[in-house]
Amino acid sequence: MKQSALVIVDVQRDFFKGGVLVVPGAEAILEVCNRLSTAFFEASRPVFACRDWHPAEHNSFSRYPPHCVQGTTGAELHPALNKVGVVLVDKAYRPEDENMSAFGDGRLAEMLKMSVVKNLYVVGISTEFGIKDTALDAVWLGLDVFVVEEGIASVGVDTGDTAIADMVKEGVQFVKASEALSRLPKIKVLTTE
């Protein structure tokens, strides 16, 4: 059976209500992210959460308000996100590094390779940026990539739809959370009788 892993992209305070760059519908994905994270962990499958970890003088701040600045509350993973068993992967942590993909510096690719991962499931924020770049990098690395439909939030409807079309064209598959969960091995509970 092919090894599967889950990547949770940029589920950080600054992209939720009260943050600097609010993504519409971000709150709605938390339950799906948590359900998948728990199921992958319980099935002994790797779970990664990547986050923007920008220095105060990051290049992107010439176009966007300063967000997800290292050490700030806005850069923290959302407090409602299940973090049990989750491996944290920082990205865009150098001033000139604008990579939005979880694969930005190569560490995630190495960890997936060590875990013999073939199937990668992706959830998080936002469809147009972190999700798209992560999913396409994973395809280019030879992984089978599945984006969980109910587990992503887009900045805009049109831009989100365009990003989805771009991903599908490159071989990314979109699945329901129930389908992703059904593919995980069932845990056998031992009883003493």
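Each value in this text was obtained by applying a stated rule to the coordinates, not by laboratory testing. Every value quoted in this text rests on a predicted model; they were computed, and no experiment measured them. We place every Cβ from the backbone using ideal geometry, glycine too, and count neighbours over all the protein chains shown.
Think of the chain as a dipole: +1 on every Lys or Arg Cβ, -1 on every Asp or Glu Cβ, centred on the Cα centre; then among Ser182, Val122, Phe146, Ser182 lies furthest on the positive end. Computed from backbone phi with θ = phi - 60° and the Karplus coefficients 6.51, -1.76 and 1.60, the 3J(HN,Hα) list for the stretch 96-112 is 8, 8, 9, 4, 8, 7, 4, 8, x, 9, x, 5, 5, 4, 5, 5, 5 Hz; x is used for glycine and proline. Listed values for the stretch 169-181 are Karplus-derived 3J(HN,Hα) couplings in whole Hz (6.51 cos²θ - 1.76 cosθ + 1.60, θ = phi - 60°), namely 4, 8, x, 6, 9, 10, 10, 7, 4, 4, 5, 4, 5, and x replaces Gly and Pro. Basic side chains Lys and Arg get +1 at the Cβ, acidic Asp and Glu get -1 at the Cβ, and with that the dipole of the chain about its Cα centre reaches some 680 debye.
Using the empirical formula 2.2 N^0.38 Å as the baseline, the Cα radius of gyration of the stretch 61-151 reaches a ratio of 1.13. Here the Karplus relation 6.51 cos²θ - 1.76 cosθ + 1.60, evaluated at θ = phi - 60°, turns the backbone of the stretch 48-59 into coupling constants of 10, 10, 9, 9, 5, 9, 6, x, 4, 10, 5, 3 Hz, with x for every Gly and Pro. Estimated from helical segments only, the mean residue ellipticity of the chain at 222 nm is -8000 deg cm²/dmol, where each DSSP H run of four or more residues counts as -39500 (n - 2.57). Put a dot 7 Å past the Cα of Thr162, heading toward its Cβ, do the same for Glu76, and the two dots end up 3.5 nm apart. Scanning residues 5 or more positions from Val147 or on other chains, those with amide H under 5 Å from its amide H are Val122, Gln173, Phe174, Val175, with H placed 1.01 Å from N in the peptide plane.
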